[in-house]
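Colleague: Sharing a structure below in C-alpha cells format, with a few things to ask.
What follows draws every value from the coordinates through simple rules; no lab data is involved. Keep in mind it's a predicted model, so treat the numbers as computed, not measured. As a convention, Cβ positions derive from the backbone with ideal geometry for all residues, glycine included, and neighbour counts pool all protein chains shown.
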2 protein chains.
Amino acid sequence: MTGTITGLSTCDVRFPTSRELDGSDAMNPDPDYSASYVVVDTDTGLAGHGFAFTIGRGNEVQTAAIRALEPFLAGRPLDATLDDLGGVWAELVHDSQLRWLGPEKGVVHMAVAAVVNALWDMRARRDGKPLWKLLADLPPTEIVDLVDFRYLSDALTREEALDILRRAEPGRAQREAQLRRSGYPAYTTSPGWLGYDDAKLRRLCREAVERGFRQIKLKVGGDVADDVRRMRIAREVVGPDVRIAVDANQRWDVGTAIDWIRELAPFDPWWVEEPTSPDDVLGHAAIARAISPVRVATGEHVANRVVFKQLLQADALSYLQIDAARVGGVNENIAILLLAAKFGVPVCPHAGGVGLCELVRHLSMFDFVAVSGSMEDRVIEYVDHLHEHFLDPAVVRDGHYQVPREPGFSARMRPESVAEYRYPDGPVWTDIARERGA
Amino acid sequence: MTGTITGLSTCDVRFPTSRELDGSDAMNPDPDYSASYVVVDTDTGLAGHGFAFTIGRGNEVQTAAIRALEPFLAGRPLDATLDDLGGVWAELVHDSQLRWLGPEKGVVHMAVAAVVNALWDMRARRDGKPLWKLLADLPPTEIVDLVDFRYLSDALTREEALDILRRAEPGRAQREAQLRRSGYPAYTTSPGWLGYDDAKLRRLCREAVERGFRQIKLKVGGDVADDVRRMRIAREVVGPDVRIAVDANQRWDVGTAIDWIRELAPFDPWWVEEPTSPDDVLGHAAIARAISPVRVATGEHVANRVVFKQLLQADALSYLQIDAARVGGVNENIAILLLAAKFGVPVCPHAGGVGLCELVRHLSMFDFVAVSGSMEDRVIEYVDHLHEHFLDPAVVRDGHYQVPREPGFSARMRPESVAEYRYPDGPVWTDIARERGA
C-alpha cells in the first residue's frame, strides 16, 4: 500500500453519565465521560482512530490540542510513517514549542496519545492484525526501537530492555495459545461507585462473584465510617477469597491515607489505589511503607514514564496501573511495561471511562506474550458501561477479557454514537439543553 | 466598590523571536515567545490582566484552556471574589472535571495561573498598591488562608506556615525600606543563549559585569566541547568573583548530566539548572549528590507545589526557581515560598519569556519582606527583551530590580502591542505570512 496521510478530524463526544452517578468517586462526583475523538485520514481509504478520555468540561481544550498536531501528520507518506512510529512519537513529544506546554504531561501529552494510538490502529488495520498480535509478533529489536529511553537510562537501558524481550521470546507461541484459550483475568469496579446505596452495592457485589470475577473494587475516601460500612458489606457478600481493592482517587494527604487504610485493614483490602497526589512519588513510598501488608497501586493519572520510573525506584507501588490514553500512547506504555518487568512489579491496567477497556486489553495481552511473560497476580480493570458505542467492544466472559480478533486497536466508535453524543450540537445534548432551559 | 465580574477576553499574542535566536537553548532552538493573554472584565471599569507564557505552537490551545475558565468567573460579585482568592483558587484548581486534564499540571494549570494572576492584578489595582506591597501588608493569618495545604501536610502544615510568617513580621517595615532603597539583586541570562557566537558572548559578558550584575548564566547542553570553550571565555571575561550559572534546559539523562558537569567544573559553575526532566525528583537528587559542590537549581517547568515539596524533601536542589505563570499563580507560589523557607532553600526565580520578569519580581519582594526575610544568596533572573510591550516594565539598575510602584501585578500589555502581535491576524504575522508565501 502506498499513499499519503491527508490530515485528521476531531470530534468532542460527551456522554451524560453524571445523570446516573456511574463513575462517581471521592474526587469526581459527577463526571460526564467524554472522548476527544480523532480520525487520522489518508488518500487510500485506510483510517486510524484514537481518542483522549476526559470527564466533561475541558474536552474542547483537549480536542484543540489534538488539532494542534495535524501539521505534523498531514502530507506524510503513509507506509514510511506507519513503519517508524518510534520516530513519529519522538517528533510529536519533543517538538520544542509544544513541549513547553507540558512537558510530556496533561493536555498536550494526552493529545499525543490520541494521535499515536490512532496511527497504531491504522497500522494494525493495514497489517490485518489486532494490535496485541501485531506487537507480539515484532522482533525484540523492533520493539526497543519504539521506545524513547530519554530520562530512563538510570533505571533501564536499551540493552536491558532487549534482554527482557529476548528472555520472553521462546515462550511466545505457547502463551499466545493460552491467551486465545482462556483470556486475561479482569476485575470489576462496577459495584463500588460512591453514589450507589448499600442495597445496590450488595447486589452488584453478589453479581460480580456470580459472573466469575475474583477481584472487585470499591471507591473510598468520602467518609471513613461510610467506607468501613461499605467495606464490611462487600466482604460479607464476596467472602474471604475474593480480593477487594479500594480506590481513593487522590483524596488524601499522606498522613490521612495511612490512618484511613488502618481503619479498613480489618476487612483485608488487597490494594489501595491512588491514595494521594499522582505526582507524589515520595508520598506514595511513605504510604506503602506504613500500610504494608496492604499494597499501593497507582498510575491512571501518572503523567509519563519518568514518574513511573521513580515510583518503581522508590518502592512506592506494588501494582502499576497503566492507562492506554494518558501517557504518550502505545510507545510510552511499552517503555512502562519494560520498566515494570525490570523491577518485577505486576501491571494491572486502569480501564473504564470511554473506550479504555477496549484499548488497554491489547497492551496487557502483548505484555503477557512478549514482555513479562506472566499473568500471575495481574488483572485488567473492567467497568461495564459505554462499550456499546465501540465497533470492537471489550468482551469479558467468566471474569476474563477475551482476545480481540478484529484488525486494529479497537478504538473506532460507532458513527451513530459520535453523531448522537457530539457536544454541544448532537441531539442528546440539544435535548438536555432544552430540558435545562425549560 | 461594588460590582460584578462580567467575563474574560483572551488573545493569542506571539512575538517572532525565532528570527533573532534570542531565547535559543539546547531544547528550544527557535522559540517564538508568546502569551495567552487574558483580561478579566467587570461592570465597574476595573479590569485584571494576566497571561500564560508559551513559546509559540500551541498558544491557541493554552488560550482555549483559559476560555474554559470563564464560566467560573462570569457573574461573580467583584469584591467578595477579590477578597477570597484562596477560595477562588481552590474552586478553579479542584474542579472535578477540569482537573482530569492535569491534575494540577500543564495547560489547565497554566490557565488557572493566568486567571488567578489576573484577579490578583485586579485586587492590587482596586487597593491602589503594587502586588508585592499588597501581599507584604497582609497579616499572617490572611496569607495562610491563600494557601492550599492539600498534599503538603507531610512537609508543611498551616501552623508551621503561620510560624514562619510570624517570625518575619517584626522586621517587615525595615526590609521594605531596604528594598525601596536598594532593590533586589538580579542576574542576567542575556549573554548566554546558544545561538550567539563567541564574539557576541564575550561582548555581552563584559557588558553584564559593567552593568553591575554579579551573576550571569550560560545555556549549555548542545555539545560538550562547545560548552567548555564558552564557559572558558565567560570565566576569562567576568573574572573569578562573578558567578556563572549554567542551564541545560532538561537536555540530559542522569548519568550524562553528571559527566557533563564534571567537564565544566574547572571553570567553577555556580549552579546547574534543569539538568534533566523536571519531573525527575530522584534524578535531580542523584545529580545533586554527584556534582557537589556545584549546586542544582530547578523549577521553571516544575508542575506544582507537590513536585517542589519532594525536591525539597529529597535534597534535590540548592536553589528553587519559581515561575510566576506555570504553577497556579500567586497562591501556589506563596505555598512554594513557604515550603522553601521551611527547608531553608533560597528562591531564585525564573524569568524572561514574555512578562515573567514583570511578574516575578513582586513575588521575590514579598518573600523578602514577609516570608524568608532574606536576600542573601538570592537573585532574580533578568532577560533584557520584550519589556517594551508592558505598561509597567521591569527596571533593573546596577544589577538590581527596582521596586514596582504602580498599582497592580504589572501584567498589563500595551494595547498596541497586543494588536500588532496578535496571532495569526495581527500585522506582524500577516506580513510574515506574506513573506513566506512570496
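Colleague: Counting other beta carbons within 10 Å of each residue's own, what order do B:L119, A:L146 fall into, fewest first? Numbers along the way, then the final one.
Modeller: Numbers: B:L119 26, A:L146 20.
Least to most surrounded, the residues fall as A:L146, B:L119.
Colleague: In terms of Cα to Cα distance under 12 Å, which aspartates and glutamates are near enough to A:K129, apart from those fewer than 8 places away along the same chain?
Modeller: A:D121, A:D137, A:E406
Colleague: Averaged over peptide B:25-35, how many Cβ atoms belonging to another chain are found within 10 Å of each residue's Cβ? Present the calculation step by step, with values, prior to reporting the outcome.
Modeller: Working: counts 1, 1, 5, 4, 2, 2, 3, 1, 0, 2, 0.
What the average comes to for B:25-35 is 2.
Colleague: Enter the mean number of other protein chain beta carbons within 10 Å of the beta carbon of each residue in A:386-393, as an integer. Please list the in-between numbers first.
Modeller: Numbers: counts 0, 0, 0, 0, 0, 0, 0, 0.
So the per-residue partner count for this stretch is 0.
Colleague: I would also like to ask the following. Taking the simple approach of a point 7 Å from Cα along Cα-to-Cβ for both A:A433 and A:E91, what is their distance in nm?
Modeller: Result: 3.8 nm between the two label points.
Colleague: Between their Cα atoms, which of A:K105/A:K133; A:K105/A:K309; A:K309/B:K105; A:K309/B:K309 are more than 23 Å away from each other? Don't skip to the end; give the middle numbers.
Modeller: Details: A:K105/A:K133 29 Å; A:K105/A:K309 15 Å; A:K309/B:K105 19 Å; A:K309/B:K309 19 Å.
Exceeds cut-off: A:K105/A:K133.
Colleague: In the protein assembly as shown, what percentage of the DSSP-assigned beta bridges are antiparallel, given to the nearest 5?
Modeller: On the way: 48 of 88 bridges.
Here the antiparallel bridges make up roughly 55 percent for the protein assembly as shown.
Colleague: As a test of the formula, what do you get for chain B when each DSSP H run with n ≥ 4 contributes -39,500 (n - 2.57) and the sum is divided by the residue count, at 222 nm and rounded to the nearest 500 deg cm²/dmol?
Modeller: Values: 19 runs with 189 residues, N = 438.
Helix-only estimate at 222 nm: -12500 deg cm²/dmol.
Colleague: Determine the shape class of segment B:151-210: with a ≥ b ≥ c the square roots of the Cα gyration tensor eigenvalues, call it rounded for a/c under 1.5, and otherwise prolate if a/b is greater than b/c, oblate otherwise. Write out the running numbers ahead of the final one.
Modeller: Numbers: a/c = 7.82, a/b = 1.94, b/c = 4.04.
Oblate, since a/c reaches 1.5 and b/c is not below a/b.
Colleague: So if R0 is 25 Å, what FRET efficiency would B:R289 and B:R172 give, r being the distance between their Cβ atoms, rounded to the nearest 0.05?
Modeller: Numbers: r = 37 Å, r/R0 = 1.49.
It comes to 0.10.
Colleague: Taking R0 as 45 Å, what FRET efficiency do you get between B:A80 and A:D198 from their Cβ-Cβ distance, rounded to the nearest 0.05?
Modeller: Working: r = 40 Å, r/R0 = 0.89.
The formula returns an efficiency of 0.65 here.
Colleague: Next question. Sorted from fewest to most neighbouring beta carbons within 10 Å, what does the list A:F368, A:F409 look like? Before the final figure, lay out each step's value.
Modeller: Details: A:F368 24, A:F409 32.
Ranking A:F368, A:F409 by Cβ neighbours within 10 Å, fewest first, gives A:F368, A:F409.
Colleague: For segment A:166-416, give me the percentage of DSSP beta bridges that are antiparallel, rounded to the nearest 5 percent.
Modeller: Details: 5 of 24 bridges.
Of the beta bridges lying entirely in segment A:166-416, close to 20 percent run antiparallel.
Colleague: Apply the a/c threshold of 1.5 to the C-alpha gyration tensor of segment B:166-416 and tell me whether it is rounded, prolate or oblate.
Modeller: Numbers: a/c = 1.66, a/b = 1.22, b/c = 1.36.
It is oblate, given that a/c is not under 1.5 and a/b is not larger than b/c.
Colleague: Can you put B:I322, B:I291 in order of Cβ neighbours within 10 angstrom, beginning with the fewest? Can you show the working numbers first?
Modeller: Details: B:I322 26, B:I291 22.
If I rank by nearby Cβ atoms, fewest first, I get B:I291, B:I322.
Colleague: B:D315 to B:R397: FRET efficiency via 1/(1 + (r/R0)^6), r the Cβ-Cβ distance, R0 25 Å, to the nearest 0.05? Could the numbers behind the result be given before it?
Modeller: Working: r = 36 Å, r/R0 = 1.43.
Here the calculated transfer efficiency is 0.10.
Colleague: Given the C-alpha atoms of the protein assembly as shown, compute the convex hull and give its volume per residue in Å³.
Modeller: On the way: hull volume 140.8 nm³, N = 876.
That works out to 161 Å³ per residue.
Colleague: Which of the peptides B:293-304, A:233-244, A:133-144 is most tightly packed, and how do the rest follow, judged by the mean count of other Cβ atoms within 10 Å per residue?
Modeller: The most tightly packed comes first, giving B:293-304, A:133-144, A:233-244.
Colleague: Compute the Cα gyration tensor for segment B:352-394, then decide on rounded, prolate or oblate, letting a ≥ b ≥ c be the square roots of its eigenvalues: rounded whenever a/c is under 1.5, prolate when a/b is larger than b/c in the other cases, and oblate in all that remain.
Modeller: Cα axes put segment B:352-394 in the prolate bin.
Colleague: Local charge sum around B:G183 (other residues, Cβ-Cβ under 10 Å, Lys/Arg +1, Asp/Glu -1)? Present the calculation step by step, with values, prior to reporting the outcome.
Modeller: Numbers: positive: B:R180, B:R181, B:R361, B:R397; negative: B:D398.
So the surrounding residues net to +3.
Colleague: Distance in nm between label sites at A:R232 and B:R262, each 7 Å beyond Cα in the beta-carbon direction?
Modeller: Label at A:R232, label at B:R262, 6.2 nm between them.
Colleague: Per-residue Cβ counts within 10 Å, from other chains only, averaged over B:208-216: what number is that? Don't skip to the end; give the middle numbers.
Modeller: Working: counts 0, 0, 0, 0, 0, 0, 0, 0, 0.
Across the residues of B:208-216, the mean count of other-chain Cβ atoms within 10 Å is 0.
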